[in-house]
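The values are calculated or read from the model by the stated rules, or taken from the named source; none is laboratory data. Keep in mind that this is a model prediction, so the values were computed, not measured. Note: ideal-geometry Cβ built from the backbone for every residue, glycine included; neighbour counts use all protein chains shown. For accessibility, only protein heavy atoms count, side chains too; no ligands or nucleic acids. Shrake-Rupley method; radii C 1.70, N 1.55, O 1.52, S 1.80 Å.
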Amino acid sequence: MHTGNHYKLKEFIFWTRRDIYKLLLLGAIPTTLFQTFDLKWIAIPWVPVALIGTAAAFIVGFKNTQTYNRLWEARQIWGAIVNTSRTWGIMTLDFVNADKSTKEKLIYRHCAWLTALRFQLRKPQTWENANKPHNVEYRNFYKVPEWETTLEDELKKFLSDDDYPYVLSKKNRATQLIALQSKHIKELRAKELINQYEYVEMERRLADLYDHQGKSERIKNFPYPRQFASINLFFIRLFVIMLPFGMLNEFQKLGDNFV
């Protein structure tokens, strides 16, 4: 997500230049055939072009709305993770009647959960387009920490020697880290280092983290429905192909010099 004021024009042109080249070629071919080779019959009426364009506009508008809704939902989930993380930290400091190392272990393990979750959400999916040439080139303008380091190196900063190999042996590391948190505070409750009410509240925060993780995984693992994406693609391509042929007669009305 772009968090600046706006995309710069040079960035936009650099990102879309391949499409610009294709569109220029697509527009030049019918214009050359129409004007140079006098193939007037290739021009099509404007009505079918406008009809396809209207349908494409409705479909694109719907897709843009759904895309923004997914973005806004992701922003809400991120905000909820931030708030719950702050709550977990203050609860660990105030509710746990143990030494400093025990409190640090609970907080560092939560940092490990955040790390495991962000690496998990950066895992490429087959329907994503991050590896397309224009997106790969655009990475020169930004850095993705999860692509610069490894999960193993990052988790080692936060986990103990006992937790580290156990977590790496599991497939869903984030889920296992919350389970370890629950097991740990249960042990502290058994030693009466956490009161009953405070123990219940901390378990609720862990349940909230599970909920936030599940919502994040839902957005990550469920793409925009392929049938809608395919229909949108077909209509846009059909409109782009038809548009130069429909514009020939319209520019011809302005005179030969405009074609």
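Within the range 243-253, is there a residue that is in contact with a Leu (Cβ under 7 Å, 6 or more places away or on another chain), touching a residue at least 12 places away in the same chain (Cβ under 8 Å) and farther than 30 Å from I77 by Cα?
Checked the range 243-253: at least one residue is in contact with a Leu (Cβ under 7 Å, 6 or more places away or on another chain), touching a residue at least 12 places away in the same chain (Cβ under 8 Å) and farther than 30 Å from I77 by Cα.
Pairs needed: first member in the range 167-190, within 15 Å of L155 (Cβ to Cβ); second member anywhere, open to solvent by less than 30 Å² (accessible area, probe 1.4 Å) and among the polar types (S, T, N, Q); C-beta distance under 8 Å; at least 6 residues apart or different chains.
The qualifying pairs are A174/Q213; T175/Q213; I178/Q213.
Q176 versus (1) open to solvent by less than 50 Å² (accessible area, probe 1.4 Å); (2) in a loop (DSSP other than H, G, I, E, B): which is the lone unmet condition?
For Q176, the failing item is (2).
Out of the residues in the range 2-20 that are within 15 Å of N135 (Cα to Cα) and part of a loop (DSSP other than H, G, I, E, B), state the one that is most open to solvent (accessible area, probe 1.4 Å).
In this case the residue turns out to be Y7.
Quick grid of which residues meet (1) in a helix (DSSP H, G or I); (2) among the small types (G, A, S); (3) at pLDDT below 95; (4) exposed (fewer than 11 other Cβ atoms within 10 Å of the Cβ):
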{"residue": "N135", "(1), (2), (3), (4)": "yes, no, yes, no"}
{"residue": "S182", "(1), (2), (3), (4)": "yes, yes, no, no"}
{"residue": "K186", "(1), (2), (3), (4)": "yes, no, no, no"}
{"residue": "Y199", "(1), (2), (3), (4)": "yes, no, no, no"}
{"residue": "M202", "(1), (2), (3), (4)": "yes, no, no, no"}
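If you check K63, K105, which single one turns out to be out of contact with any strand residue (DSSP E or B) (no Cβ under 9 Å at 6 or more places or on another chain) and farther than 30 Å from M202 by Cα?
Matching residue, one of K63, K105: K63.
For the range 80-128, which residues satisfy the criterion of being open to solvent by less than 60 Å² (accessible area, probe 1.4 Å), within 15 Å of I219 (Cα to Cα) and either without any contact (Cβ under 8 Å) to a residue 12 or more places away in the chain or not in a helix (DSSP H, G or I) (or both)?
The one that is open to solvent by less than 60 Å² (accessible area, probe 1.4 Å), within 15 Å of I219 (Cα to Cα) and either without any contact (Cβ under 8 Å) to a residue 12 or more places away in the chain or not in a helix (DSSP H, G or I) (or both): Q125.
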